[in-house]
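Student: Attaching a single structure in structure tokens format; questions to follow.
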Amino acid sequence: MKKVLLSGLGAGLILFLISYFGLMLGIRYFPELFVEYNNPLFNSDGSRDLLFFMHPFIMSFALSWFWARFKKLFQGTIFLRGLEFGFVYAIVALLPVMWITFSSLDITFLMISSWFLYGFLQSVIAGLLFAKINP
């Protein structure tokens, strides 16, 4: 359990930093994508901002638990194990969630695709960290 918590916390911190700086780079280099966030669907009064910033940690703890349960199924080098872990998460969790989100909300395919890619990259990075820290 200690490895799950420590690797989850470590991955959460790294994903938080990557997400934060990735957001800054994304706004700078892909401003047309971020203009879509001016939609009233995404307006917030600020009372839930902390929940948004906790996302990498919530995701990392969940993925760390998943890794601890199923790490024996991922074979090969650290890179291959992390990549396969990311693919499994993307197909099992992200694809269905992105499908229902796209079908029920007025958002573009570009936006939903960027969310899918973002989640996939997060899970690959977490998988690489877990494969290194908790083989």
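The values are calculated or read from the model by the stated rules, or taken from the named source; none is laboratory data. All of these numbers come straight from a predicted model, not from anything done at the bench. Cβ atoms come from the backbone with ideal geometry, glycine included; neighbour counts cover every protein chain shown. Each accessible area value is taken on the protein alone, full model and side chains, heavy atoms only, with ligands, DNA and RNA left out. Shrake-Rupley method; radii C 1.70, N 1.55, O 1.52, S 1.80 Å.
Student: Rolling a 1.4 Å sphere over the protein heavy atoms, what is the accessible area per residue of the chain, to the nearest Å²?
Tutor: 67
Student: With the chain treated as a Gaussian network of Cα nodes joined by springs under 10 Å, which of 96, 31, 40 yields the largest mean-square fluctuation?
Tutor: 40
Student: Taking all protein chains in place and a 1.4 Å probe, what share, in percent, of the accessible surface of segment 2-133 do carbon and sulfur account for?
Tutor: Ligands and nucleic acids excluded, carbon and sulfur reach 75 percent.
Student: If packing is taken as the average count of other Cβ atoms within 10 Å, what order do 117-125, 85-93 fall into, highest mean first?
Tutor: 117-125, 85-93
Student: How far is the Cα center of segment 79-135 from the Cα center of segment 45-77, in Å?
Tutor: 11
Student: Something else: How long are the semi-axes of the equivalent ellipsoid of the chain, taking √(5λ) for every eigenvalue λ of the Cα gyration tensor, in whole Å from largest down? Don't skip to the answer; put the middle values down first.
Tutor: On the way: eigenvalues 156, 55, 38 Å².
Those come to 28, 17, 14 Å.
Student: In segment 49-67, which residues have a backbone nitrogen under 18 Å from the label point lying 7 Å from residue 16's Cα in the Cα-to-Cβ direction?
Tutor: 49-65
Student: How large is the helix-only mean residue ellipticity at 222 nm for the chain, computed as the sum of -39500 (n - 2.57) over DSSP H runs with n ≥ 4, divided by its residue count, in deg cm²/dmol to the nearest 500?
Tutor: Value at 222 nm, helices only, nearest 500: -25500 deg cm²/dmol.
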